[in-house]
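Inspection log for the structure reproduced underneath, given as structure tokens.
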Amino acid sequence: MKMGQESQAIDSLYDFLYVDRERASSLTAQLYGPGVVTTVKQITTDGDKSSKGVGFDVKILKGKASVEEAISRTQERHFDASWSLPINLLDKLSESGLIHRGLNGERLGSTVLVQGRMRIFDISMVQKTMPFIGKLFQNDQPNLPPKAKKKSNSNTDDILVAPGITLGMVGDLLNVIPNTLQVDFIDDQSHTIWMTINKDYLTINPDDMALKYGGTIPGEWYVIGLIDALPMMSQNESSPPVFPDNPLKNGLTTMLDSIKDMAGRDNNSYGMTPLIIFRKIN
């Protein structure tokens, strides 16, 4: 599938959901010597010629001559080329042979194109809705005697939302997680990929996405990105360097690993920094 501007004009049209403009501009500038094209100027010129008769009177000669007049018109148009950035990046990466299709043992730093389905979690929205979620769970509790019901209502943090996990534990965890927009992606080979995206680079308001789609965005999507974390089973470092022993930092590392497992990338997923997320328009 050639993704250049020519093929786009003929048989392909893309709907870009996400474009990391800073990274895309940096990579494009490295692949294209003159830099990143931001504006395009087009100048066109056309002209008309017309003839008119000119009379003259000389004592020995009378007659008419024809004189040509040329009228030239110039038109100058400026185009915003900013939305050519993702197309130009796709072209340059493809021309340079830097795009790997699918996940087939790619290494850290590889640029890959994956196709599949995705779901999005807006942590900030979940944080804001926690009080409402607590009330919903209260209403779902079984009928209890008045005393037990009163006690249950006063301890919403103790409500179980999953085996061994209470609503209070979820709330405490959300308080320490950055307000990120997380994406779970599964490709057509059932590989799972975890990534975070910058809300500023989305072409649609994330709040609108939550109201329209909920957690899962329908349809087939394409992502081009950089692999920056491998599943535990794919890590083939035979003897990685060992950090100097530090009890405090060792404990913090264990704690951060636990937070990652519970609220971020699991050990069976790739980690990716997405450059472009898009879908084909038929």
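Bear in mind these aren't lab numbers, they're just calculated from the coordinates by the rules spelled out. Since the structure is predicted, the reported quantities are computational estimates derived from the model, not experimental observations. No Cβ is skipped: glycine too gets one built from the backbone with ideal geometry, and neighbour counts run over all protein chains shown.
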Handout entry: Label-reachable residues, segment 191-222, where backbone N falls under 15 Å from a point 7 Å from residue 30's Cα toward its Cβ
Key = none
Exercise for the section: Among 132, 278, rank each residue by its count of other Cβ atoms within 10 Å, from fewest to most, as a rough exposure measure. Expected result: 132, 278
Problem - J(HN,Hα) series, segment 225-232, from Karplus relation 6.51 cos²θ - 1.76 cosθ + 1.60, nearest Hz, glycine and proline x - result: x, 9, 6, 10, 7, 10, x, 4
Practice task
Would you grab the residues whose amide H sits under 5 Å from the one on residue 32? Only those 5+ places off in sequence or on another chain, please, with H modelled 1.01 Å from N.
Solution key: none
Practice task
Specify whether the C-alpha gyration tensor of segment 154-260 places it in the rounded, prolate or oblate class, a ≥ b ≥ c being the square roots of the eigenvalues: rounded for a/c under 1.5, otherwise prolate if a/b is larger than b/c and oblate if not.
Solution key: oblate
Practice task
Percent of Cα-Cα pairs per 10 Å bin, from 0 to the last occupied bin, for segment 159-220, please list those.
Solution key: 16, 36, 38, 10
Practice task
Mind putting a number on the dipole of segment 172-249 about its Cα centre? Charges go on the C-beta only, +1 for Lys and Arg and -1 for Asp and Glu, and I need it in Debye to the nearest 20.
Solution key: 140
Practice task
State, to one decimal in nm, how far the label point of residue 207 lies from the label point of residue 136, with both points 7 Å from Cα in the Cβ direction.
Solution key: 1.8
